[in-house]
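Okay, structure first, notes after.
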Amino acid sequence: MAKKSKVIEREEVVVRFSGDSGDGMQLTGSLFSFSSAIYGNDISTFPDFPAEIRAPQGTIGGVSGFQVHFGHSEVYTPGDNADVLVAMNPAALKANLEWLKPGATIVIDVDSFDDKNLAKAGYKSNDPIEEDNLSSYNIIKAPITTMTKNSLKDMGLDNKTILRSKNMYALGLVFWLFNRPLENTERIIREKFSKNPEVAEANIKVLEAGYNYGVIIQAGTPSYHISPADIRKGTYRNLNGNKAIAWGFLLAAEKSGLELFLGSYPITPATEILQELSARKDLGVKVFQAEDEIAGISTAIGASFAGDLAITTTSGPGLALKGEALGLAVMAELPLVVVNVQRGGPSTGLPTKTEQSDLMQALYGRNGESPLVVMAASSPVNCFDYAFYAAKVAIEHMTPVILLSDGFLANGTQPWRIPEEGEFPEIKPPFVEKPAEEWNVYERDPEKLNRYWALPGTPGYQHRIGGLEKDFLTGAVSYDHHNHDKMVKIRKEKIDRIADFIPPLEILGDEDADLLIVGWGGTFGHLYTALEALHDEGKKVALAHFSYISPLPRNSYEVLKKYSKIVVCELNLGQFASYLRSQFPDVVLHQYNKVEGLPFTVAELKDHFNKMLEE
Amino acid sequence: MAENTKQAFLQYKSDQNVRWCPGCGDHAILNALQKTMAELEVPNEDLAVISGIGCSSRLPYYMNTYGFHTIHGRASAMASGVKVANPKLQVWQITGDGDALAIGGNHFIHAIRRNIDLNVILFNNQIYGLTKGQYSPTSKRGFISKTSPFGTIEYPFRPGELTIGARGYFFARTIDKEIKLSVHVMKAAAKHKGTSIVEVLQNCVIYNNNTHQEITDKKYKDDRTIVLEHGKPMIFGKERNKGLILEGITLKVVTIGENGITEKDILVHDAHCEDPTIHLKLADMEYPDFPVALGVIRDAAAPVYDECAQQQIEEIKEKSKIKSFHDLVTTGDVWEVK
């Protein structure tokens, strides 16, 4: 008589799929997270892949991973460490040991644990379990390759196609671990391979075989159950940060009545925005794949001059190349959004890894006094909101805006609630309203200080602008020293006044906290999760997370002054902390920095904050 | 009638004082451009004049049109953005040999390759004027300047060759002071759909005076240049007795009436032919071996980027079920949370 299997009721679980970069781990992870989201769990995902398209097979450098964190309550990060690891080969096991929770379940494809692969992964013996001292883990040794071959042996497929579907066997097995139905995944597989039904059926057959293997071996193997999360009502879909940015601009174009123009050059990890908008010709998007980064921004500036909502997308090295043209947009006072999806630097750095080290470049990386707006998204799905608001600020205040995202936000996914009608405001371009005879090219809105926009093609409003200093009123070239001084100051004042149009800085957690955590951009999920964990331990902590960096929210100083102990956490050597010090010299700021190309872990943050609380 | 043309011409002048050096070739080019616009009767508001950096690039300030004086080398890219954003505008790019062929070389060749409908006027004076006299990418090998006191050791670009090498479909050449010829080629450039390159042999009176003199001087001009006209035989010379023939695969200068050569033997210019082989040979002709070719050297038809971009958008809009932002976000894998 079989023993009854244990079912573990859990609040949240982290699953990591890991294999060779050609093993289909990204697809496997996406299918699993979609199914969890439909089931009603809140999710957060993060893919982790090498820069090489197909790194040497079987080596640690070639390991590609996809982590999914899903829970009964809201989740804000993809999780530090995994409860379940799927390792398709010895390298995947070796590369991920560091990221496992104690007692985690490890699914391995024993067929791939041969001498050759073990050696490639750097194992000295033929028993990695013994060698890495893994006896305290729950290891499921599944003959995934053999079983996949067996289940497809009568379908007349070639060996390559058969081996390619072994990721579905692993996925089936994980579905069994979490008691998940297969229907949604089967439907998606059929849609994905609609032109090749034979491959679709093969994948589904292997998926079911994997699930059934779970049923058969269940004696002694725990199975997890995560109830659906309590999530705000609405219609949802999964969205990653890059797609969210592209879609934010589409809504901004609709809300402003402007046509959308993107001038861009492919660069990791920002390329997906260019690809997504290239596919949106049905919504009239004009996409110009330029010959280089400079042409990307230059075509966008040209399009802005002509009256489009113009954007350019890039990553750190590209932003460096765009610096001079950004200065032109500052001088010409034209709306422009530059998206910088940050990656590890300097130079080519770590193209597929995340970092926050372009902040100073965004703020100051241009010649002359060249103020502009800098904003930062803080979660994959709010990339949508910040893209929208970056466009709104750029247009309504006639200024370039740099929107910072990062590799972590770009590739991470979360369920996104589709906004309802009226949730986002209209965008009102400041077109010239005065008769042409009375209008001067650089006269300004008295409140916002923006100049007005006159579009080529409009009779009577012909005018010339350019990168030479402009006369305060007429916009004619002026070398007058008093005029230059006035213009430098008014360009700065125009940006400063935007603080009146952005939301104040919010405090999350305890108002009267003993420790204020300060963050900005993509680290929000980890910082907030750490705050919640400390709160559960009865500690008094608060979080002030900045999304508007230039200008800072009006109440920034007031908020910071309230706390005696403040720690600024960022994935660089302290750029935001330095910036805050330059703005508020009397505020004492501690720093917590990490520059490993990886997000923070909640555990390391908790440890550090606890230490600070004890000091 | 003359009075009307004068009025029409003045309508394209801005209120700014022209600040080029007295005697600079740029003044004549500006006049030719304003005359071209007057003759074409383009409404001022439909004109966008985009420039980079350099003496020539100040030109937009002197035009009563929409104008943008951008940054060094990037005018082709800026102008491409303007044209793609609003294809109804007639876009002129004003540039020089440094701006277009040195710092902006990449954008220049890619604008041509894409065949965006831009009219590019390239002021070629073979020198950097605004920075006061350094050699440029069109300076002749051995040219002595402030940065080449012992002569340059590099070959120059030939703008026509570069244009054709980048798959260009329009190339013309004129001389700054030949306003009539300039108006003629500028009008042809405006009418040509796609990127049109007009090279103007321009004189920098301060730093490279008389650089084109051996070709452009009235005394020798007729013998040392040839004005090409589509459909006409390639005849030149004060006596109109010299011509070009093809010998094997090379051009040769012949004299009509000598060695049995008659007018019938002279090549007839076909600017519209798609094959650029002869156009390249004509564009590359240099004195003293050959007369320098002026006029429209190449004017062939090809698909135009901005038109195709617009067309593709219209086609996809027609076909796609997604008509709005709402359609986009609600299509595909969505689920309800109740």
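The values are calculated or read from the model by the stated rules, or taken from the named source; none is laboratory data. Worth saying up front: this structure is predicted, and the values here are computed from it rather than measured. Cβ: placed from backbone, ideal geometry, glycine included. Neighbour counts: every protein chain shown.
Values for this structure:
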{"read-out": "Unique match (being hydroxyl-bearing (Ser, Thr, Tyr) and either part of a strand (DSSP E or B) or not assigned by TED's automatic domain parsing to the domain that holds A:Tyr137 (or both)) among A:Thr28, A:Thr45", "value": "A:Thr45"}
{"read-out": "Strands (runs of 3 or more DSSP E) lying entirely in region A:365-436 (those with 3 or more residues that are at pLDDT below 95)", "value": "A:413-417"}
{"read-out": "Single condition B:Asn17 does not satisfy, out of (1) modelled with pLDDT of 95 or more; (2) within 14 Å of chain A (Cβ to nearest Cβ)", "value": "(1)"}
{"read-out": "Strands (runs of 3 or more DSSP E) contained in region B:45-107 and holding at least 3 residues closer than 17 Å to B:Ile29 by Cα", "value": "B:47-51, B:90-96"}
{"read-out": "B:Gly129 more than 14 Å from chain A (Cβ to nearest Cβ), surrounded by 24 or more Cβ atoms within 10 Å (Cβ to Cβ) and small (Gly, Ala, Ser)", "value": "yes"}
{"read-out": "Hits in region A:464-485 - residues which are more than 7 Å from chain B (Cβ to nearest Cβ), assigned to a loop (DSSP other than H, G, I, E, B) and not charged (D, E, K, R)", "value": "A:Phe472, A:Leu473, A:Thr474, A:Gly475, A:Ser478, A:Tyr479"}
{"read-out": "Search result, residues across region A:68-100 that are outside any loop (DSSP other than H, G, I, E, B) and closer than 17 Å to A:Thr529 by Cα", "value": "A:Val68, A:His69, A:Phe70, A:Gly71, A:Ala82"}
{"read-out": "Residue that is touching a strand residue (DSSP E or B) at 6+ places or on another chain (Cβ under 6 Å) and in contact (Cβ under 8 Å) with a residue 40 or more places away in the chain, where the choices are A:Ala306, A:Ala377", "value": "A:Ala377"}
{"read-out": "Check on A:Gly316, surrounded by fewer than 22 Cβ atoms within 10 Å (Cβ to Cβ), touching a helix residue (DSSP H, G or I) at 6+ places or on another chain (Cβ under 8 Å) and either within 14 Å of chain B (Cβ to nearest Cβ) or touching a residue at least 24 places away in the same chain (Cβ under 8 Å) (or both)", "value": "no"}
{"read-out": "Members of region A:270-285 that are within 11 Å of chain B (Cβ to nearest Cβ) and assigned to a loop (DSSP other than H, G, I, E, B)", "value": "A:Ala279, A:Arg280, A:Gly284, A:Val285"}
{"read-out": "Selection count, region B:117-146, where residues are closer than 23 Å to B:Ala32 by Cα, among the aliphatic types (A, V, I, L, M) and in a loop (DSSP other than H, G, I, E, B)", "value": "1"}
{"read-out": "Some residue of region A:340-349 being within 13 Å of the chain's Cα centre (by Cα) and among the charged types (D, E, K, R)", "value": "yes"}
{"read-out": "Residues of region A:514-546 satisfying the condition of being crowded, with 22+ Cβ neighbours inside 10 Å and among the small types (Gly, Ala, Ser)", "value": "A:Gly519, A:Gly521, A:Gly522, A:Gly525, A:Ala530, A:Ala542, A:Ala544"}
{"read-out": "Yes/no for A:Ala390 being crowded, with 17+ Cβ neighbours inside 10 Å and closer than 24 Å to A:Val374 by Cβ", "value": "yes"}
{"read-out": "All positions within region A:151-170 that are touching a residue at least 12 places away in the same chain (Cβ under 8 Å), surrounded by fewer than 21 Cβ atoms within 10 Å (Cβ to Cβ) and out of contact with any Gly (no Cβ under 9 Å at 6 or more places or on another chain)", "value": "A:Met155, A:Leu157, A:Thr161, A:Ile162, A:Leu163"}
{"read-out": "Matching entry among A:Gly296, A:Gly327 (being modelled with pLDDT of 95 or more, more than 7 Å from chain B (Cβ to nearest Cβ) and out of contact with any helix residue (DSSP H, G or I) (no Cβ under 9 Å at 6 or more places or on another chain))", "value": "A:Gly327"}
{"read-out": "Meets criteria (buried (at least 24 other Cβ atoms within 10 Å of the Cβ), modelled with pLDDT of 95 or more and not aromatic (Phe, Trp, Tyr)) for B:Ile94", "value": "yes"}
{"read-out": "Answer residue from region A:128-150, given it is touching a Lys or Arg at 6+ places or on another chain (Cβ under 8 Å) and not in a loop (DSSP other than H, G, I, E, B) and is surrounded by the fewest Cβ atoms within 10 Å (Cβ to Cβ) among those", "value": "A:Glu131"}
{"read-out": "Unmet criterion (only one of (1) within 21 Å of B:Gly104 (Cβ to Cβ); (2) charged (D, E, K, R); (3) assigned to a helix (DSSP H, G or I); (4) at the interface with chain B (Cβ under 7 Å from one of its Cβ atoms)) for A:Lys322", "value": "(4)"}
{"read-out": "Selection from region B:303-334 of residues that are surrounded by 14 or more Cβ atoms within 10 Å (Cβ to Cβ), more than 8 Å from chain A (Cβ to nearest Cβ) and of a type in the set (A, V, I, L, M, F, W, C)", "value": "B:Val304"}
{"read-out": "Spans of strands (runs of 3 or more DSSP E) in region A:158-269 with at least 3 residues within 14 Å of chain B (Cβ to nearest Cβ)", "value": "A:234-240, A:260-264"}
{"read-out": "Conditions (1) assigned to a helix (DSSP H, G or I); (2) in contact with a Pro (Cβ under 7 Å, 6 or more places away or on another chain): number failed by B:Ile226", "value": "(1)"}
{"read-out": "Contacts under 7 angstrom Cβ, first residue in region B:52-65 being at the interface with another protein chain (Cβ under 9 Å from one of its Cβ atoms), partner assigned to a helix (DSSP H, G or I) and of a type outside the set (A, V, I, L, M), 6 or more apart", "value": "B:Ile53/B:Asp99; B:Ser57/B:Asp99; B:Asn64/B:Asn44; B:Thr65/B:Asn44"}
{"read-out": "Number of the exception - B:Cys308 against (1) closer than 30 Å to B:Ile235 by Cβ; (2) outside any strand (DSSP E or B)", "value": "(1)"}
{"read-out": "Yes/no for A:Glu506 being away from chain B (no Cβ under 14 Å), of a type in the set (D, E, K, R), out of contact with any Ser or Thr (no Cβ under 9 Å at 6 or more places or on another chain) and assigned to a helix (DSSP H, G or I)", "value": "no"}
{"read-out": "Subset tally (residues that are surrounded by 23 or more Cβ atoms within 10 Å (Cβ to Cβ) and of a type outside the set (Val, Ile, Thr)) for region B:35-46", "value": "1"}
{"read-out": "Restricting region A:450-463 to residues that are within 14 Å of A:Ala332 (Cα to Cα) and without any contact (Cβ under 8 Å) to a residue 60 or more places away in the chain, the residue that is farthest from the other protein chains (Cβ to nearest Cβ)", "value": "A:Tyr452"}
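Every residue, every condition in (1) under 25 Å from A:Leu258 (Cα atoms); (2) in contact with a Gly (Cβ under 8 Å, 6 or more places away or on another chain), yes or no:
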residue	(1), (2)
B:Met63	no, no
B:His69	yes, yes
B:His72	no, yes
B:Ser76	yes, yes
B:Ser80	yes, yes
B:Leu89	yes, yes
B:Asp97	no, no
B:Leu101	no, no
